[in-house]
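Quick notes on the structure that follows.
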Amino acid sequence: MSNITVREAGMEEMPRIAGMKKQIHDVHVNGRPDLFAPVVDAALFEDHAQQLNFRLLLAEIDGEAVGYALIRPIIREANPYMQERRFLHVEEFCVDETRRRHGIGKALMEAIRQTAKAENLPRIELDVWAFNEGARQFYEAAGFHTFRYFMEMKTED
């Protein structure tokens, strides 16, 4: 396998990851169709990412986009209930489904870790849906652990 490179990319490169964004979004639509809407226009992803000031990390092999992460630093000031929280949030993480298990996810996660360290952010946080077993296994193998649970209860049968 060729060398994997990971670099920060501009939002103008978002069209290069459209296929992977669809892969990961489809997992969510299939897992929770009551919450996730099928995507009609992929350009809406780019608009959403730009509005929220995400940064794009792009994994490539021989110039081909094979994985990505959308990240952003979060700094929450201390308040009477909580200490200051500084962390790098991983909003989206995807390796092309045809390229998995070749070290791309590991390289991308290491780039995320190095970005957090360079920005003096002591933590990396992300969330993963309960139905996404493969992603949960990957994140745990990468060193993440659960520190908070979100729960729901439906009000109707």
### Summary
Quick calc, segment 53-93, dipole around Cα centre from Cβ unit charges on Lys, Arg (+) and Asp, Glu (-), nearest 20 debye, gives 360
## Note on the structure
Answer check: segment 88-141, Cα atoms, Kirkwood Rh, Rg/Rh ratio of 0.97
### the chain - accessible surface per residue (Å², probe 1.4 Å)
67
#### Entry: Net charge over other residues, Cβ less than 14 angstrom from the Cβ of T115 (K, R count +1; D, E count -1)
+2
## Note on the structure
Taking every other residue with Cβ under 15 Å from the Cβ of L35 and scoring Lys and Arg +1, Asp and Glu -1, one gets -2
### Task
Would you mind calculating the gained length between M151 and K22 on full extension (0.36 nm times residue separation, minus the Cα-Cα distance), in nm to one decimal?
43.8 nm
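Tally up the carbon and sulfur contribution to the accessible surface of the chain as a whole percent, 1.4 Å probe, everything protein left in place. Don't skip to the answer; put the middle values down first.
Numbers: 5380 of 10530 Å².
Carbon and sulfur together cover 51 percent of it.
Could you give the length gained on full extension between E125 and V39, defined as 0.36 nm per residue of separation minus the Cα-Cα distance, in nm? Walk me through the numbers before you get to the answer.
Numbers: separation 86, 0.36 × 86 = 30.96 nm, distance 2.58 nm.
Using 0.36 nm per residue and subtracting the Cα-Cα distance, I get 28.4 nm.
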### Task
Just tell me which aspartates and glutamates come within less than 12 Å, Cα to Cα, of K154; anything on the same chain fewer than 8 places away is out.
D34
#### Entry: Option label - semi-axes √(5λ) of the Cα gyration tensor in Å computed here, alternatives (1) 25, 18, 15; (2) 24, 22, 17; (3) 40, 18, 15
(2)
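About the Cα centre, and with charges only on the beta carbon of Lys, Arg (+1) and Asp, Glu (-1), how big is the dipole of the chain? Nearest 20 debye, please. Don't jump to the answer; show the numbers that get you there.
Numbers: 20 positive and 26 negative charges, 127 e Å.
In total the dipole reaches around 620 debye.
Report the net charge of residues surrounding L88, where surrounding means a beta-carbon distance below 14 angstrom and charges are Lys +1, Arg +1, Asp -1, Glu -1.
Working: positive: R55, R72, R76, R85, R86, R113, K117, R123; negative: E8, E91, E92, E110, E119, E125, D127.
So the surrounding residues net to +1.
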### Task
Specify which residue in the list P80, I61, N132 is farthest towards the positive end of the charge dipole of the chain, using unit charges on the beta carbon of Lys, Arg (+1) and Asp, Glu (-1), about the Cα centre.
P80
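The values are calculated or read from the model by the stated rules, or taken from the named source; none is laboratory data. Owing to the predicted nature of the structure, the values given are computational and were not obtained by experimental measurement. Counting neighbours? That spans all protein chains shown, and the Cβs are built from the backbone with ideal geometry, glycine included. Accessible surface areas use protein heavy atoms only, side chains included; no ligands, DNA or RNA. Shrake-Rupley method; radii C 1.70, N 1.55, O 1.52, S 1.80 Å.
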